[in-house]
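Step one of this worksheet: look at the structure below.
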Amino acid sequence: MSEADLTTAPRRNWLHLAPLAFFALLALLFLFRLFAGDASRVPSALIGKPSPSLTLPSLEGLLRDGRPVPGIAPADLRDGRVTILNVFASWCAPCRVEHPFLVEMATHEAVRTGRVQVMGLNYKDEPENARRFLGALGNPYAAVGTDRTGRSSIEWGVYGVPETFLIGKDGTILKKHIGQLTEDSARALLAEAVAAAR
């Protein structure tokens, strides 16, 4: 073997390993993004912008304290109260898991005194199933708007359920939480709502 062959042999071995090294680097990058990122903090183009001016019809037949629960009108989100708007569906398993935190949220002093309101947006659901869901787990919502087709939710930038929005007194979207609320994230969201209501 000549001297030239000896110097090119290591280079050829490296070239064979280059695709493997590239793949390993790419896999590490994906793993880092998967585990280091917080999916609930995906940025929304609507943050800092007015909430969509959409009227969402009420959930047919839903009662609270013997009275029909109203739907959601644009003015309801700009009436001087801070709003926590939760997007939910009866068929959504994570919605069931987070629901007790919303029920607890609705008992907070800021909600009871009307400085903060908790509303629901029922997404691509059958009215009977949604009523049964709230009947079984409790209704934390002062108003429930429905979006049977999912078209209105597109205006809200909804990716799926559950999602929760924090809306300021003037209807400006302050925050969007994507995915299931945990006990900690629900408390943090409520604390932000109370601070915004001051």
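Return the Rg/Rh ratio of segment 134-198 with Cα-based radii and a Kirkwood Rh.
Values: Rg = 13.0 Å, Rh = 13.5 Å.
Rg/Rh: 0.97.
Taking other Cβ within 10 Å of each residue's Cβ, how do SER53, SER152, SER58 sort, fewest first?
Values: SER53 12, SER152 20, SER58 17.
Going from least to most buried by this count: SER53, SER58, SER152.
Expressed in nm to one decimal, what extension gain is obtained for the pair ASP79 and GLU183 from 0.36 nm per residue of sequence separation less their Cα-Cα distance? Each step should come with its number before you reach the end.
On the way: separation 104, 0.36 × 104 = 37.44 nm, distance 2.81 nm.
The span from ASP79 to GLU183 would gain 34.6 nm if fully extended.
Which of ILE178, ILE84 has the fewest other C-beta atoms within 10 Å, and how do the rest follow up to the most? Please report the intermediate quantities before stating the final value.
Working: ILE178 20, ILE84 27.
Ascending Cβ contact count within 10 Å gives the list ILE178, ILE84.
Kindly give Rg over Rh for segment 67-198, based on alpha-carbon atoms, with the Kirkwood expression for the hydrodynamic radius. Don't skip to the end; give the middle numbers.
Working: Rg = 13.3 Å, Rh = 14.5 Å.
Dividing the radius of gyration by the Kirkwood radius yields 0.92.
Which one, ASN122, TYR159, GLY138, projects farthest toward the positive side of the charge dipole computed for segment 115-169 from Cβ point charges (K/R +1, D/E -1)?
It is GLY138.
Read-outs throughout are calculated quantities, based only on the coordinates presented, and are distinct from any laboratory measurement. Values in this document were obtained by computation on a predicted structure and should not be read as measured data. Here the Cβ is made from the backbone with ideal geometry for all residues, glycine too, and neighbour counts use every protein chain on show.
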